[in-house]
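Note sheet for the following structure.
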Amino acid sequence: MRPMRRRINGALTLAGALLFCGAAHAQNARPPVRIDMVVFGQPSLGAFLQPVIKARKIDQQNGIDLHFAERTPDAYILEFNSGEFQVGGSAALLSVGVARNKGIKVSYLFNLFDYFGAVVSSRPNIRTAADLQGKQLVAATATTNYAMFHWLMQRGNVPLDKVSVQNTATPGLMGYALADRADAVQLWEPAYSQLITRKPDLHTIDLDIARQWKAFSNAPSIPYLGVAAHDDWIASNPLLVKALYKTFKDASVWVQQNPKAAAALIAPSLSGADPAVVEKMIVSNRTLAMDVMSAAKARSGIQAVYKVGLQSGYFKQPVDPASIYPVPLD
């Protein structure tokens with residue numbers, strides 16, 4: 001009986017030690033830090049990675065707990081610029097520049113997507129940008145995507161004052177194209193790929209983006225949309241900035257390595273989009289242009305985009321370069 005008693009006592013001692021270690025670990029473990037982030041409502045690039053981050057708990061793996069608040073573009077700008085939300089995940093670079101020029105101390109932390117914009121038409125007589133003159137173009141003219149398109153048209157010597165531009169809200173762009181209610185429609189991802197699939201008789205007008213950008217800038221890409229935050233928050237939370245970056249970087253890597261599984265998570269949030277279309281978009285990445293990169297690494301491209309804003313009249317004065325977060329995150 002004594003050997004048996006010794007074994008039982010030994011087992012109880014080991015169990016007690018394990019319970020003590022587990023309790024000590026639980027006591028020392030820190031819960032993820034909550035971060036409230038405002039983003040555009042779906043479908044949008046700003047909310048594209050959101051389903052993956054939450055479903056796979058990538059934020060919690062990096063020590064943070066992201067709470068995404070979806071807003072319309074106007075509400076997003078109002079609530080982010082006012083400081084109601086200290087962190088914004090649909091930070092269009094041109095909008096960050098406008099806020100900074102208004103004296104709002106915000107900075108671009110890292111890029112998520114490079115610029116892509118397209119014009120589609122079903123009219124056989126509209127094949128080039130020049131063919132748009134005298135025709136009706138539907139666009140969301142209040143967006144920074146349209147601002148970049150406007151600049152591209154200027155660069156291509158196609159004055160938009162000779163184009164009948166009709167403004168509509170972003171969600172209405174696909175409807176105009178599907179109903180064939182305009183000569184052409186200007187839009188971007190994630191709506192573009194869904195539209196082309198649903199209406200294959202549409203053709204895409206070549207805006208010559210790559211050549212025009214190369215002639216304008218030595219930057220390898222066109223930073224377009226990313227994550228920004230108020231400077232006070234950044235100064236108080238440098239480690240959270242790194243955790244934010246790693247969360248989105250990890251999500252983008254997983255999406256690119258697992259396009260089918262990623263599409264299954266993302267498609268339901270895109271108004272019930274076909275997962276096969278989303279998967280194709282991810283695999284190609286030509287029009288999605290997902291490119292997670294720290295602002296410090298993308299500095300030359302960001303400065304070039306700021307220059308675009310000046311040339312096009314979007315900015316009235318140069319943007320403070322301090323709006324580019326200088327700390328390398330890669």
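A few points about this structure:
- Rounded to whole numbers, the Karplus 3J(HN,Hα) couplings from phi for segment 36-41 are 8, 10, 8, 9, 5, x Hz, using 6.51 cos²θ - 1.76 cosθ + 1.60 with θ = phi - 60°, and x at Gly and Pro.
- When the charge dipole of segment 261-330 is built from unit charges on Cβ atoms (+1 for Lys and Arg, -1 for Asp and Glu) and taken about the Cα centre, the candidate among Ser271, Gly301, Met281 whose Cα reaches farthest toward its positive end is Gly301.
- Part-to-part distance (alpha-carbon centres) for segment 190-221 and segment 118-133, which is given in Å: 13 Å
- With 10 Å bins from 0: P(r) over segment 75-143, alpha-carbon pairs, percent: 15, 37, 21, 20, 7
- Bridging of Lys102 to lysines at a Cα separation below 21 Å is possible for Lys307, Lys316, once same-chain residues fewer than 8 apart are set aside.
- Dimensions in Å of segment 94-226 - Rg and Dmax from alpha carbons: 15.4, 48
- According to the Cα-based calculation, Rg over Rh for the chain is 1.11, with Rh computed by the Kirkwood formula.
- Rolling a 1.4 angstrom probe over the protein heavy atoms with all chains in place gives the chain an accessible area of 48 Å² per residue.
- Proximal aspartates and glutamates relative to Lys135, as straight alpha-carbon distance under 12 Å, when same-chain residues fewer than 8 apart are discounted: Asp161, Asp183
- Distance distribution note for segment 19-163: the fraction of Cα pairs above 18 angstrom is 67%.
- Anchor Lys249: lysines whose Cα lies under 23 Å away (excluding residues fewer than 8 positions away in-chain): Lys54, Lys57, Lys260, Lys280, Lys297
- Placing unit charges on each Cβ (+1 for Lys and Arg, -1 for Asp and Glu) gives the chain a dipole about its Cα centre, and among Ala262, Gln186, Leu225 the Cα reaching farthest toward its positive end belongs to Ala262.
- Angle in degrees between helix 299-312 and the longest Cα principal axis of the chain, rounded to the nearest 10: 30 degrees
- Value of relative contact order over the chain, rounded to a whole percent, pairs C-alpha under 8 Å and six or more apart: 26 percent
The values are calculated or read from the model by the stated rules, or taken from the named source; none is laboratory data. This structure is a prediction, so every number in the text was calculated from the model and none was measured. Methodologically, a virtual Cβ is constructed for each residue, glycine included, from the backbone with ideal geometry; neighbour enumeration extends over all protein chains shown. For accessibility, only protein heavy atoms count, side chains too; no ligands or nucleic acids. Shrake-Rupley method; radii C 1.70, N 1.55, O 1.52, S 1.80 Å.
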